[in-house]
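First the structure, in the form of structure tokens, and then the observations on it.
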């Protein structure tokens, strides 16, 4: 990997009048090591593999966040070529002029934008313990793809929020909440086991903590109760299945953890404003994807 790296140019990716581009990519072995003339924020969304960056080879997995400044050579490689080891990465790239525009509109904490320059480090890496990075990158990608009126303003606002979050991670302020890393593991566990009949007591044992203390942590960290958070995971998964599979509604309900079909229908309508069938029909008609607007 010591040969001259390929250079990626932002002008080939974004609109000249809006120098920001968001994508969700599966990483392959065929992509060459490269540098780029733009700033890049990356989030590992699925799988495991390696990030070759500078002269380092870093093991990466779901929840890793990176800031890649201009001129840093890097490339991702999945753990293997097997489908089970696919590596999915969100990329938010933007011209160096974008942070300067944001600075005119928002009062950033001093030092926030220095994270993007690469003056002190060739890259920055963070762990997304509370899933704020995932939520932010998903929102950026959704807004970029839907391109509804005013999407440029929304993208700049979402990028601003993400940059502030990264700055807080840099200062380790995200660890100020009680048992941050432990709660992050609990949230991850819920993401992986949402189809099971999870209970607050079961999740509390992961820390370990009492169910009442766990409930307080949930409310403090997410603004939701344990039950609300689990319901929103399940509803988001169900809308993904409605959009991307031909499973029956009964099969989808069972797959996300609901045996009571009547309750599933009622909860789905409460969360989305539509019945599952109405949602599927609209989603397949490409009118909108309301599932991604579910609170998390």
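The values are calculated or read from the model by the stated rules, or taken from the named source; none is laboratory data. Just so it is clear, the structure is predicted and the values come from calculations on it, not from any experiment. Quick reminder, even Gly has a Cβ in these numbers, built from the backbone with ideal geometry, and neighbours come from all protein chains shown.
From 213, 229, which residue is outside the structural domain of residue 22 (by TED's automatic domain parsing), touching a helix residue (DSSP H, G or I) at 6+ places or on another chain (Cβ under 7 Å) and more than 30 Å from residue 93 (Cα to Cα)?
Details: 213 fails: touching a helix residue (DSSP H, G or I) at 6+ places or on another chain (Cβ under 7 Å).
After ruling out the rest, the residue left standing is 229.
So which residues in segment 255-271 are closer than 20 Å to residue 191 by Cα and buried (at least 16 other Cβ atoms within 10 Å of the Cβ)? Show your work before the answer.
Taking segment 255-271 first, the residues closer than 20 Å to residue 191 by Cα are 255-259, 264, 267-268, 271.
Answer for segment 255-271, where residues must be closer than 20 Å to residue 191 by Cα and buried (at least 16 other Cβ atoms within 10 Å of the Cβ): 255, 256, 257, 258, 264, 267, 268, 271.
Just checking, which of 194, 167 is outside the structural domain of residue 131 (by TED's automatic domain parsing), buried (at least 16 other Cβ atoms within 10 Å of the Cβ) and at pLDDT 90 or above? Show your work before the answer.
On the way: 167 fails: outside the structural domain of residue 131 (by TED's automatic domain parsing).
Only one candidate qualifies: 194.
Looking at 262, 236, 250, which is the one that is in contact (Cβ under 8 Å) with a residue 60 or more places away in the chain and closer than 16 Å to residue 277 by Cα?
One residue alone meets the criteria, 236.
Identify the single condition in (1) free of Cβ contacts under 8 Å to residues at least 60 places away in the same chain; (2) in contact with a strand residue (DSSP E or B) (Cβ under 7 Å, 6 or more places away or on another chain) that residue 155 does not satisfy, given that it satisfies every other one.
(1)
Can you confirm whether segment 183-190 contains a residue that is within 27 Å of residue 59 (Cβ to Cβ), modelled with pLDDT of 90 or more and not assigned by TED's automatic domain parsing to the domain that holds residue 40? Show your work before the answer.
Step one: of segment 183-190, the residues within 27 Å of residue 59 (Cβ to Cβ) are 183-190.
Going one step further and asking which of them are modelled with pLDDT of 90 or more, we end up with 190.
Checking the rest, the ones that are also not assigned by TED's automatic domain parsing to the domain that holds residue 40 come to 190.
Looking through segment 183-190, at least one residue is within 27 Å of residue 59 (Cβ to Cβ), modelled with pLDDT of 90 or more and not assigned by TED's automatic domain parsing to the domain that holds residue 40.
I'm trying to understand the selection: among the residues of segment 64-86, which are outside any strand (DSSP E or B) and either under 11 Å from residue 50 (Cα atoms) or not assigned by TED's automatic domain parsing to the domain that holds residue 51 (or both)? Reasoning before the result, please.
From segment 64-86, those outside any strand (DSSP E or B) are 69-73, 79-86; that's our starting set.
Residues satisfying the conditions are 79, 80.
Counting just the residues of segment 62-87 that are surrounded by fewer than 17 Cβ atoms within 10 Å (Cβ to Cβ) and touching a residue at least 40 places away in the same chain (Cβ under 8 Å), which one comes out nearest to residue 167 (Cα to Cα)? Break it down stepwise before answering.
At the first step, the residues of segment 62-87 found to be surrounded by fewer than 17 Cβ atoms within 10 Å (Cβ to Cβ) are 70-71, 79-85.
Cutting the leftovers down to touching a residue at least 40 places away in the same chain (Cβ under 8 Å) gives us 70-71, 81.
Working: 70: 18, 71: 21, 81: 35 Å.
So the residue we want is 70.
Give the residues of segment 112-127 that are at pLDDT below 85 and either in a helix (DSSP H, G or I) or farther than 17 Å from residue 99 by Cβ (or both), sorted by residue number.
122
With respect to residue 243, determine if the residue is out of contact with any helix residue (DSSP H, G or I) (no Cβ under 9 Å at 6 or more places or on another chain), at pLDDT 80 or above, within 30 Å of residue 162 (Cα to Cα) and assigned to a helix (DSSP H, G or I). Give the steps one after another, and end with the answer.
Values: out of contact with any helix residue (DSSP H, G or I) (no Cβ under 9 Å at 6 or more places or on another chain): no; at pLDDT 80 or above: yes; within 30 Å of residue 162 (Cα to Cα): yes; assigned to a helix (DSSP H, G or I): yes.
Answer is no for this residue.
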